[in-house]
Each structure stands twice: as C-alpha cells, then as structure tokens.
Amino acid sequence: MPEPRFESLGAYLPERRLRSDELMESLPFRNPALLRGITGIVERRIRAPGEDSVVLATRAAEVCLARSSYAAEELDVVVSGSITHFHPEGVVRIEPPASHSVAQAIGAERAQCIDLSNACAGMLTAALVLDGLIRTGAVRRGLVVSGECITPIAESAMRDVRSLLDPQFASLTLGDAGAAFVLDDRGRPEERVDFVEMVTLAEHAELCIGTLNRDHGGVSMYSQAGELSRVGSGSDFARTVLEALARQGRRLDRKDYEHVVFHQVTLVNIQKHLRHFQERCGLELPNALICVDECGNTASTSHFVALERALRSEEVVAGDRVLLLAQASGINLGVLSARLGAL
Amino acid sequence: MSVRIVTTGLYAGNADRCLDHLVIAAERCLEKADIAREEVELLLFVGNTRPDFIQEPSVAALLQKRLGINPRFADHFGGRSTLSFDLSNGNCGFLVACQCFDALARVHGLRHALVVASDVHHAGGPAEPFAPMSAAALLCAGSSGFRSSTFQRSTCQGPGMLSVVDLRNPFTACYRFEFEPWFADRAVELLSATLREHAGPLPERWICAEPVAGIAARVAEALASVPRIRISTEGLHTTAHIVGFARHEGGPLLFAACGAGPTAMVATYEE
C-alpha cells in the first residue's frame, strides 16, 4: 500500500493587520486591552478588497506549488476544505465548487475537484480523504487547499456585540488566511503521514453555529463559548487523543513528537489543552506551535498556517515528527501524525 | 471502487424545515436496513441547500445528532464512532461520496456509510429550479457495486453554471441558480467525452443527473454506446442518483452527472 507524505506546504496571509486593541475601539468596552487579555491575540490579518475565499486559497496554492516538485497539471485531485465561500461578501457560492475555481486558476487541468466542509476541521478532513485516496492507489498526488475569508463574520460581530457574554464575541478572534499542501505517494520512514483519525461527537453539534444574521444579513457565528471550551478542550478531548495515539503505539511526549499543533482558537485555549495533557500524561509534552497571537483564529487553515510559519522560522525542521490535533464545531476531534521532510 | 448501495429512503413531502426533510429521508433509509444505526461509521451530506442557511457545523453533524448515530463521547469510548462531514459537488456529489467512502473503508476498515442529499429550501419548500426532494442511501463496503469512475473537467473560461445563496438581506435570503447560454452545449460535449473515455462496456440502463433538461438526450443522440434506457430523474439535482437508483429495478447501471465547471463524472455499478 502506498504511503502518503507531505511533499509541499504553503500559506498566504493578507497584508493588512488589525490589532485587537484597534478592533476593540469600535466596541462599547472601556478596556481596549480586554480582547487581547482574554485571548492572547495581538493582531489578525484582514483581506484586501477582492480577496475572497477562492483568491486566498489560490494564493496559498501558488506558494505551495512554487515549492513543490510537481507542476499543477500533474495533480490528480484538488480538495478544498474551506468553511467560507463568500463571493462577493454576503453571497455564499455553492456551485461551482471552490476546488474547481482553484484548479482552474492554478492550471490543474486534469485534476478531479472535491469540495468538503467540516467546520475548522475542514483541511484535516481533506487530509484524511486524500490520505485514503493515496493509500488505496486511487490517486498518486493531490492538493488540499482552503481559503478562509472569515473576517466578514468578525465585522458582523463588531456591529452586534455589546458584552463579553454575547454569543458572537468569539467571532472577534477570527482572521483571514489561505493554506495549501501537497500529499503524494512517496512516503517512507523518513517522511510520511503516519495516520489520520477523526470522529464527530454530534451531541454537541449546536454549540457553535455559523448562519444567516437575521438582523442585518450576512453570516454570523453564534457560539456557546464556555460550553464549547469545556467539551472541546476538556478531559474527554484529551482521552480521545491519547487513546488514538495508544492504538498506534505512540504517546504525546517529546520522544514521539517534536511538535504538537492545536487548532488555533486562542492562546488561553491552547494553554488549557497543554495543562490537561500534562495532568493526564505527566510526560514532557512536545513543543506547541502557535500562530494565533499574530494571526487570530484562521478557521480550517489554522494548523497549516502555524506549521508554515514554524517551518519558515526553522522552529520545525526536516525529520521532525508533528501531531496535528483537530477540535472543531460538530464537534469534530481528530489527530494527524506525520514525520516531515524538507518542506 | 467497491461500494454497494444497500437501501434508499426518499421524501418529497411538506415537512416544515429542511432538516426535518433530511431526517425523514434518512429514517426511511435506515428503517429498511438490516443493521443498527450505530453501525453507520460515516455520514455524508451531499446536498446543495442547507437547513437554515447553516455554514458551520456540517449539516451531516446536525443529522448525526438528530438520527442518534453515536453522538456521545460514551459511544466513542465504547468502541462505536461516526465521522460526519459535508461534500459540496453539485450533482456529482453522490458519486464523490461513494469514492470517499471507498477510500476510507479500505484504509480504516469501515463497513457502512449513510449519504444524504437534498434540494430543499431552508423553510422546506423547493430550491428553484429543482424539485423539493430529500434522499438517503446506505452504502456498504464490499466486493460488488461501483466498479470504476471517470471524472473530467472542462478548461473553458467560466463555470457556465452558478449557484449561490444570497444572504445580504435577511428578509429576502434565497438560493439562486444561473446558467450561461453555452452551458448545455459544453456539458453535452464534456459528458460525451467522459463516456467515451470510461473503460469497459456500458450497461443497458443509466441515470443521468443533469442540471438542465435535455443534456442526457443530446448525449444519447450523439453517442451510440450510451445506454438505451434512461431512468427518469427529471427536475432533480443532488438527489438524482439516489432517487434514480430507488426507481431502478435491478441489473447493471451507469451513473452519469454533469455540472458546474462544466464537470462530468460517470461510474458503472453492478451487484
């Protein structure tokens, strides 16, 4: 059975930065440092005019392919995992699929196009699907891509939020980004995807819902943040991850993994995860990759934006083994274990 | 691919809400199956229209909760797990779902998947121009069923078909479908080319999911190898393949679809 590996990785962040204290100035809170204080998010990136979900995804795909040994026309499949499909803002595009538009833009002329949607676990779910297609020999190489033009949801929240308890408050953490990676069938012990596993605990499916804002239109995200944090970051999450690792004969420690990447919700959330795992494992935990402080929560792209930045700063180097952990609305929990080559 | 359709469930009634529509179709499908619903390990929603315009979480997760398919941590820790997510690939969606299930079944040892499609407005009415219909299919991994699939994508400029949900005004939020005048011609060319490329003899019967009426008939006129008998799926979009299969009386079958892009996908099926 062929083994997949990460062959290339790229991300795109819009130029414009918006600091949390600037954002808070437009809201009725006395303390402009409040958002930064409770989330650890210093700033996030904001799309330029014309940068919609497909454009962000395409920019990331171009960066990824520039580093790849494959040309776009050699790709067998393009899989999109975006949540957002604004085109233009307030209008959500359904067909053609975003993967089709990205494939068209980069010249992936013979690639099959697949769009899937699984909240902030979209790119990891796409990795799971592509991993399966490669292992079964259905395809040899594919591009997973996501463009999250998600700050329109934050802007909607800025119109509505009046208190910390507002169900849209969590939307203020969002930032725009694109990310893309190529998986191919040339995995070997030095660089490969070890395994990907995901599960949906749908009992909690309604804790975070992105839907029509019935007051002023557009899409808003309504979260029961406290409950979501309890369920998504609690001991059941830790147990799910540790059991998945145990099935593969692995542990969450520095001997098995150099780095761990959580979904970049807030810095506080990641620190809470680390405490939970430390309490349960009692081991020396892997280094946690973090970009949420500078990029905000970039939804389905967040793991790969964090990984990309760590690769470019050489915090992650060839030969390192990384564990990507999904927690997303649904609730979806998952693990992707991989040893990385020179990306 | 080695994926078999075990049972189907359809609903074209007047349920008040889109999610209710989906649940009724899924329940009808599961009632006919000889497995417990806890044995569904993958739940995929492939419809274009989403209950209450929900963009997040997946509609599949909402369905999983309503259907009570392993929704709790306790189920997971007890050894029963389900993964749910959405696929948005127009009327190729069902075939893409079969393709994804086939890969995940072979790698992760999954046995059963539930695929649900719908073209119903959020309030339960029709998503014009398509007929209001929800459809579900229970899939089983095995040695028979779908044999092979072929996908092709046009490289012409523009997708030819655009479907959007316009949420700018909360009082007039709606789905909108638009077609370029050239779409049908390109779709006929692409589907014909895809059928020519598809390996092996074609069965006598086929289901063609076409977003514009007349495409399948024109392909049949242009290609002598096209199956003689077409199972009617008039007015249907993402539900066409499941509904067509439910109307099929057995024997080998060709599934074909063309959609925005234009794209085309065909697959042969034999039990």
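What follows draws every value from the coordinates through simple rules; no lab data is involved. Nothing here was measured: the structure is a model prediction, and the numbers come from that model. For neighbour counting, all protein chains shown are included, and Cβ atoms are generated from backbone atoms with ideal geometry for every residue, glycine included.
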Residues B:Cys258, A:Cys281, sorted so that the one with the fewest Cβ neighbours within 10 Å comes first
A:Cys281, B:Cys258
To the nearest Å, what is the center-to-center distance of the stretch A:266-319 and the stretch A:71-100, using C-alpha atoms only?
27 Å
Per-residue Cβ contact counts at 10 Å, fewest first, order A:Tyr12, A:Tyr222 as A:Tyr222, A:Tyr12
Just add up the charged neighbours of B:Ala74: K/R +1, D/E -1, any other residue whose Cβ is under 15 Å from the Cβ of B:Ala74.
-1
Two pseudo-spin positions, 7 Å from Cα along C-beta at B:Val212 and at B:Glu197, lie apart in nanometres by 2.1 nm
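Does chain A come out rounded, prolate or oblate, given a ≥ b ≥ c as the square roots of the eigenvalues of its C-alpha gyration tensor, rounded meaning a/c under 1.5 and, failing that, prolate meaning a/b above b/c?
It is oblate, given that a/c is not under 1.5 and a/b is not larger than b/c.
I'd like the antiparallel share, as a percent to the nearest 5, of DSSP beta bridges with both residues in chain B.
70 percent
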Which of A:Ser68, A:Ser80, A:Ser171 ends up with the largest GNM mean-square fluctuation for chain A, with Cα atoms connected below 10 Å?
A:Ser68
Mind ranking A:71-78, A:271-278, A:298-305, B:55-62 by how tightly packed they are, going by the mean number of other C-beta atoms within 10 angstrom, highest first?
A:298-305, B:55-62, A:71-78, A:271-278
Roughly what % antiparallel, to the nearest 5, for the DSSP beta bridges in the stretch A:5-184?
70 percent
Partners for A:Lys272 among aspartates and glutamates (Cα-Cα distance below 20 Å; same-chain residues under 8 apart left out)
A:Glu227, A:Asp236, A:Glu243, A:Asp253, A:Glu258, A:Glu284, A:Asp293, A:Glu294
Amide H to amide H, which residues 5 or more places from B:Thr49 or on other chains are under 5 Å from it, using H placed in the peptide plane?
B:Ser118, B:Val120
Just A:Leu307, A:Leu65, A:Leu164 to compare: in a GNM of chain A, with alpha carbon springs under 10 Å, which one fluctuates most?
A:Leu164
Local charge sum around B:Gly251 (other residues, Cβ-Cβ under 15 Å, Lys/Arg +1, Asp/Glu -1)?
+2
Checked chain B with the C-alpha gyration tensor, a ≥ b ≥ c its square-rooted eigenvalues, rounded below a/c of 1.5, otherwise prolate if a/b is larger than b/c and oblate if not; verdict oblate
In the stretch B:58-80, whose amide N lies under 20 Å from the spot 7 Å out along Cα-to-Cβ of B:Ala36? List them in ranges.
B:64-80
Of the GluC sites (Glu not before Pro) in the stretch A:3-69, those whose Cβ has at most 10 other Cβ within 10 Å and which sit in DSSP loop:
A:Glu15
Taking B:Lys32 as the anchor, which lysines have their alpha carbon closer than 22 Å to its alpha carbon, excluding any fewer than eight residues away along the same chain?
B:Lys65
Treat the count of other C-beta atoms within 10 Å as a stand-in for reagent exposure and order A:Leu27, B:Leu110, A:Leu116 from fewest to most.
A:Leu27, B:Leu110, A:Leu116
Taking every DSSP bridge whose two residues both lie in chain A, the antiparallel percent to the nearest 5 is 70 percent
Candidate cut points under GluC sites (Glu not before Pro) in the stretch A:209-312, DSSP loop plus at most 12 other Cβ atoms within 10 Å of their own Cβ, are A:Glu284
Give me the net charge of B:Leu104's neighbourhood, meaning all other residues with Cβ under 14 Å from the Cβ of B:Leu104; Lys, Arg count +1, Asp, Glu -1.
-1
For the stretch A:250-328, what does the alpha-carbon gyration tensor say about shape, rounded, prolate or oblate, given a ≥ b ≥ c as the root eigenvalues, a/c under 1.5 as rounded, and a/b over b/c as prolate?
oblate
Any idea how far apart A:Glu314 and A:Glu25 come out in nm if each label point goes 7 Å out from Cα toward Cβ?
3.8 nm
